[in-house]
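Novice: Submitted below is the structure of interest, expressed as C-alpha cells.
The values are calculated or read from the model by the stated rules, or taken from the named source; none is laboratory data. Quantities reported herein were computed from a predicted structural model and do not represent experimental measurements. So basically every Cβ, Gly included, is an ideal-geometry build from the backbone, and we count neighbours across all protein chains shown.
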Amino acid sequence: MEKKLLIELFIDETDGDNALDLISFVSAPAIESNFMHFNKETEKFKFKSTDDEKRIVTGPAMICNKEIIRIDGEGNPYFVFFTEKTVRQCQELFAKHGKTKSTNFEHEGLLNDVTVIESWIVEDNTNDKSNVLGFSDIPKGTWMVSYKVDNDELWEKVKDGEVQGFSIEGIFSQNLITMSESKEIQEFQDVEDEHINNLRQILFDDNLDYEQKYAEVQRWKSKLI
C-alpha cells in the first residue's frame, strides 16, 4: 500500500537560489482561502475615507502546515507544506528585500500600481485583525497581506470575481518527511486507485482551462472526505 508523499518547503539562506520572489493575484489560490476585497459598496466593512473606492484587498499569502497538492513529472500526486517558521521567514525576507511592489496576475509578467500596504503574522487566531475583517478559522502563524490596487485592469478583475486570492512565487529547498501513520494519511492511503487516476486525467486534460481544472480537483478532493 502506497503512503502519502509529504514534502516540507523551506528557505535555506545558504542557498543563493532560494528566494520568495513575489505574490501573485490568481483565480484559484493553492491555499484554498479567498481574499476579501473592500469598496464603497461594502456594507459590512467600511473605511474612514472620502474616496469613492479604497481598492484594498486583504487575505492570506501563506498558511502554515497547509498541505497543497502537486503533481510530479510522471503524473503522481504529492503534497507540500510550509512550517510556521518558514512562513515567518518569508514575510520578513519579503519586506527586507523590498518586494512589496512585486506582483503579477496568474504568475505572468509584472504589474504596476499594486502595493502591499499591510503585512502581519496571525499570533492569536481568536483576537486577530483577520477576524474583524471577516476571515474565520485562520490558523496561528498565517501570513496576511493587504494590497492597494491602483491598477485599473487588475481592479476590474477583482470586482468581477475573476481573481479570488493570492499565490506565492519563489524557489525553495525541499525536505522529504518520514511517512506518518496519522488518521488523515491513513484515510488518503485507503482511497481507491481510480480516484488518483481521475485526478491525473483532470490535470492533464487539455480541454479544460485553469478554473475548470481547479473546480474538478475540488470535486475530486470532496470524494476523499
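Novice: Hey, does the stretch 151-170 have a residue that's modelled with pLDDT under 90, outside any helix (DSSP H, G or I) and polar (S, T, N, Q)?
Specialist: Scanning the stretch 151-170, I find at least one residue that is modelled with pLDDT under 90, outside any helix (DSSP H, G or I) and polar (S, T, N, Q), so the answer is yes.
Novice: Could you check the stretch 129-149 and list, in sequence order, the residues that are part of a loop (DSSP other than H, G, I, E, B) and either surrounded by fewer than 13 Cβ atoms within 10 Å (Cβ to Cβ) or touching a Gly at 6+ places or on another chain (Cβ under 6 Å) (or both)? It would help to see each step written out before you state the result.
Specialist: As a first pass, look at the stretch 129-149 and keep what is part of a loop (DSSP other than H, G, I, E, B): 133-142.
Across the stretch 129-149, the qualifying residues are GLY134, SER136, ASP137.
Novice: Taking the stretch 107-128, which residues are exposed (fewer than 15 other Cβ atoms within 10 Å of the Cβ) and under 19 Å from GLU92 (Cβ atoms)?
Specialist: Answer for the stretch 107-128, where residues must be exposed (fewer than 15 other Cβ atoms within 10 Å of the Cβ) and under 19 Å from GLU92 (Cβ atoms): ILE117, GLU118, TRP120, GLU123.
Novice: For the stretch 118-132, give me each residue that is at pLDDT 95 or above and more than 18 Å from VAL57 (Cβ to Cβ).
Specialist: ILE121
Novice: Starting from the stretch 72-87, keep only residues that are under 24 Å from VAL122 (Cα atoms), then list their pairs with residues that are of a type in the set (A, V, I, L, M) and assigned to a loop (DSSP other than H, G, I, E, B) whose Cβ atoms are within a distance under 7 Å, requiring at least 6 positions of separation or different chains.
Specialist: Once the first residue is under 24 Å from VAL122 (Cα atoms) and sits in the stretch 72-87, its partners that are of a type in the set (A, V, I, L, M) and assigned to a loop (DSSP other than H, G, I, E, B) give PHE79/LEU5; THR86/ILE11.
Novice: Same structure again: So for the stretch 45-65 (the condition being at pLDDT 70 or above, among the β-branched types (Val, Ile, Thr) and exposed (fewer than 15 other Cβ atoms within 10 Å of the Cβ)), does at least one residue qualify?
Specialist: Within the stretch 45-65, the subset at pLDDT 70 or above is 54-65.
Those left that are additionally among the β-branched types (Val, Ile, Thr): 56-58, 63.
Now restrict to residues that are exposed (fewer than 15 other Cβ atoms within 10 Å of the Cβ): none.
Checked against the condition, which is being at pLDDT 70 or above, among the β-branched types (Val, Ile, Thr) and exposed (fewer than 15 other Cβ atoms within 10 Å of the Cβ), the stretch 45-65 yields no hits at all.
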